[in-house]
Every structure is written in structure tokens, then in C-alpha cells.
1. Among the residues of the range 69-79, is any surrounded by fewer than 20 Cβ atoms within 10 Å (Cβ to Cβ), touching a helix residue (DSSP H, G or I) at 6+ places or on another chain (Cβ under 8 Å) and free of Cβ contacts under 8 Å to residues at least 60 places away in the same chain?
2. So in the range 120-134, with the set limited to residues that are touching a residue at least 24 places away in the same chain (Cβ under 8 Å) and surrounded by fewer than 16 Cβ atoms within 10 Å (Cβ to Cβ), which one is nearest to residue 26 (Cα to Cα)?
3. List the number of the failed condition for residue 27; all other conditions in (1) crowded, with 19+ Cβ neighbours inside 10 Å; (2) under 18 Å from the mean Cα position of the chain (by Cα); (3) at pLDDT 90 or above; (4) not assigned by TED's automatic domain parsing to the domain that holds residue 133 hold.
4. Does any residue of the range 40-52 turn out to be aliphatic (A, V, I, L, M), crowded, with 16+ Cβ neighbours inside 10 Å and not in a helix (DSSP H, G or I)?
5. Within the range 80-108, track down each residue that is without any contact (Cβ under 8 Å) to a residue 60 or more places away in the chain, out of contact with any Phe, Trp or Tyr (no Cβ under 8 Å at 6 or more places or on another chain) and hydrophobic (A, V, I, L, M, F, W, C).
6. Between 104, 99, 128, which is within 20 Å of residue 149 (Cα to Cα) and of a type outside the set (A, V, I, L, M, F, W, C)?
7. Can you name the condition, by its number, that residue 59 falls short on among (1) surrounded by 14 or more Cβ atoms within 10 Å (Cβ to Cβ); (2) closer than 15 Å to residue 21 by Cβ; (3) touching a helix residue (DSSP H, G or I) at 6+ places or on another chain (Cβ under 9 Å)?
8. Report yes if some residue within the range 135-148 is in the same structural domain as residue 197 (by TED's automatic domain parsing), surrounded by fewer than 14 Cβ atoms within 10 Å (Cβ to Cβ) and not in a loop (DSSP other than H, G, I, E, B); otherwise report no.
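The values are calculated or read from the model by the stated rules, or taken from the named source; none is laboratory data. Note that the coordinates shown come from a computational prediction; the quantities given were computed from them, not determined experimentally. We place every Cβ from the backbone using ideal geometry, glycine too, and count neighbours over all the protein chains shown.
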Amino acid sequence: MASPTADSAAQLTLQAAAQIRGLIIDRVLLPGEKIRQVELADRIGISRSPLREALRTLEAEGVVAYEVNRGYVVSRLDEDDLAQILRMRSLLEADLLRTVRQPTTEQLSALKSLNDELALAIKNRDVTEIVRLNRAFHVAIFELSPLNQIRREVTRLWQLSDVYSAAWWWRTPEVDLRITVEHKAIIAALRKHDVERLVELNESHRMGSSDRAAVGAVRGRPGRAAVGAVLR
């Protein structure tokens, strides 16, 4: 059994990794940018030791990379990389969805709550929360599948593509109407346990949302000035 101290250290590492992901999603840290550990530790309010562990965790996920003579940098995906990630997600997510078990009333209620929280985050234009809640909604569905290894890989692929899809949320004012409506349709298919309909809805939802726009974001590779213009 892990000691309370070990549990606390592990929790601190996970929290630090989540904060760093948020900075990447918010474009505070840009693809290809060197991560300055002293400044980053001060920014998120932790010591260097849990920061290093958090960076190792993110390196294992592919979110950051270690380069000789530079240290850790935010991973940079090219158009082909991202297209492969989205293709892998399409194939693996279909496998997961075809094996989901019938959700309980409590699980359906939890999905509805996540969708309601997402609608509020969209209204507030809180991109970090939008990305987190949207991922949490879909991962909660994937967790209904017994295919644990595939589920872990799909979660990793989501984390890799998050940074490139986040910009789409800023550019699409009608997103609150479409995304949450599509989520409701997904919940309805789950309630009926209509897995083929679920696969169909998930694919159309994925291709009609931030994933397709993410490829465009890679092509354009906006810098800080361009991102600032988007946010305004």
C-alpha cells in the first residue's frame, strides 16, 4: 500500500501536469517553445521536484519532448502527425463505442451534468474548461468499454491533439448551439444502447468539430500575435 506521503506526491504531480496542459491549451506555452523550469515552477506555485515529475508524465503522453542541449519543449505536431492522430482516434473510438455497456441512470445523469457544465464554460468563453469538460464527457463514455488498453491510448491521443483544437473554440460563436445539442443526441443513443448509432454520431460530431479545424491550425501555426488577435 502506498504511503500518504507517496500519494500526496503523486497527486501533486498530476495537478502540476494538468496546470501545464492548461498553459499549453491557453497558448501561454506554444508548440516548439522551450520550457523554462524555474519560471514555470514559480508560475504554478510548486517546487522543481514535482515539476520534473510532471514534465516526465507529459513527456510519456507526448505533450512535451526532451531535446538535447535545450531541455523540455512543448511538442510540435505537423499536419501529417495530426492527421494520423485523428485517424487513429476514429478507428479506436469506434472499437470502444461498440463495446460500451448499458450505462446506469447515475452515469447518464453524470454525462448530462458534464454537458451542462460545458455549456456554461462555452458561454463564459473559458477555453481551458471547455477543452477539459469536452474531453471528460467523451472519456466518461469510453470508460463504459472494457477495452482498457485501447481506452488509455485514446485518452493519450486526445491530450496530444487538444492544443491544436483549442483555437477552434474561440473562432466558432455558434458552438454552444451545436456541440451541446450533439452531446444530447449521443446521450440519447447511449440511453437506448444503440451502439451503431453511437458510433455514427461520434464520428460526425468529431469531424464536424474542433478536430477538423485542428489540422488547419497546424497548417497556419499562428504565433502569439495571431493568437492574441483570435482571442480578441
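1. Within the range 69-79, one or more residues are surrounded by fewer than 20 Cβ atoms within 10 Å (Cβ to Cβ), touching a helix residue (DSSP H, G or I) at 6+ places or on another chain (Cβ under 8 Å) and free of Cβ contacts under 8 Å to residues at least 60 places away in the same chain.
2. For the range 120-134, the residue satisfying everything is 125.
3. Tallying (1) crowded, with 19+ Cβ neighbours inside 10 Å; (2) under 18 Å from the mean Cα position of the chain (by Cα); (3) at pLDDT 90 or above; (4) not assigned by TED's automatic domain parsing to the domain that holds residue 133, residue 27 fails exactly one: (3).
4. Yes, the range 40-52 has at least one match.
5. Scanning the range 80-108 gives a single hit, 91.
6. The unique qualifying residue is 99.
7. Evaluating residue 59 over (1) surrounded by 14 or more Cβ atoms within 10 Å (Cβ to Cβ); (2) closer than 15 Å to residue 21 by Cβ; (3) touching a helix residue (DSSP H, G or I) at 6+ places or on another chain (Cβ under 9 Å) leaves (3) as the failure.
8. Of the residues in the range 135-148, the ones in the same structural domain as residue 197 (by TED's automatic domain parsing) are 135-148.
Next, from what is left, pick out any that are surrounded by fewer than 14 Cβ atoms within 10 Å (Cβ to Cβ): 146, 148.
Narrowing further to those that are not in a loop (DSSP other than H, G, I, E, B): 148.
Yes, that holds for at least one residue.
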